[in-house]
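Down below is the structure, laid out as structure tokens.
The values are calculated or read from the model by the stated rules, or taken from the named source; none is laboratory data. All values derive from a computational prediction rather than experimental measurement. Note that we place each Cβ from the backbone using ideal geometry, even for glycine, and neighbour counts take in every protein chain shown. Just so you know, the surface numbers come from the protein's heavy atoms only, side chains and all, with ligands and any DNA or RNA stripped out. Shrake-Rupley method; radii C 1.70, N 1.55, O 1.52, S 1.80 Å.
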Amino acid sequence: MFWFQQGLCILPVILVTSSSATFIISYIIAILRRDVDVFLPYISDTGNSPPESCIFGLMTFVSACAGVSTIYAMYKFMAKLGEDTGTISTCWNKAALGFGLISCFGMCVVATFQETAVETVHLIGALLFFLCGALYISLETYLSYCSYPYGSSLFICRARFIISVISVVDPLLQKTSAGCEWIVAFSFISYFYTYVHDFKIQPLLVHFSRDGCGFLLLKCFLMPI
């Protein structure tokens, strides 16, 4: 069995791969068509004009779907860990889930409403994505420290803390530097890659079933290490 086949490791891998490909492919196409400057254009500018806008929108939607799946899987992971160890706050875990889902929604808004077409809606989507995204990873970092040593390792906790600081500080500088936008975007991507550690070391098994009324039930189990 390959490492990405353990538990739900494939979810953050898909998210990291699709998100990175979205930014890089759109950037390359925009550069080849001379729609943007070669040196660090704003990410949104690389997806303003067709055909890169079509590719950017489609791939961003795929990344958002992968993000929702990964965020929900981490929520269930933390919830089950909290039940077993009593170290995770249910309220903070649900708050993190909410911020994460809103951030993914903001991502879809940014991709759907280009800045040159509907600037106000685009900026609202960007605000939801970056602000709620920063709140999400900050809360997940806090929960990671709370779950130590039962969940994440100390190294992973510290790595998440550093990424959280970057994601909070850099958005304040985005008005003066497009490079900060790229840093924040790939900080988010790097953060989700750390989930591979949790899903690999303590795999989360997801079981789907239906109750007597036909509703879909989801049960999560932590495999013993």
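Okay, here's what the table says:
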quantity	calculated
Percent accessible area from carbon and sulfur atoms, segment 9-220, protein chains only, probe 1.4 Å	71
log₁₀ of I(q)/I(0) at q = 0.31 Å⁻¹ - segment 119-165, Debye sum with one point per alpha carbon	-1.02
Alpha-carbon centroid distance for the pair segment 78-101 / segment 5-77, whole angstrom	27
FRET efficiency for Phe161 and Asp84, using Cβ-Cβ distance with R0 set to 30 Å, rounded to 0.05	0.80
Segment 1-141 - convex hull of the alpha-carbon atoms, volume per residue in Å³	114
Gain on full stretching of the segment that runs from Ala117 to Ala21 - 0.36 nm per residue minus C-alpha separation	32.2 nm
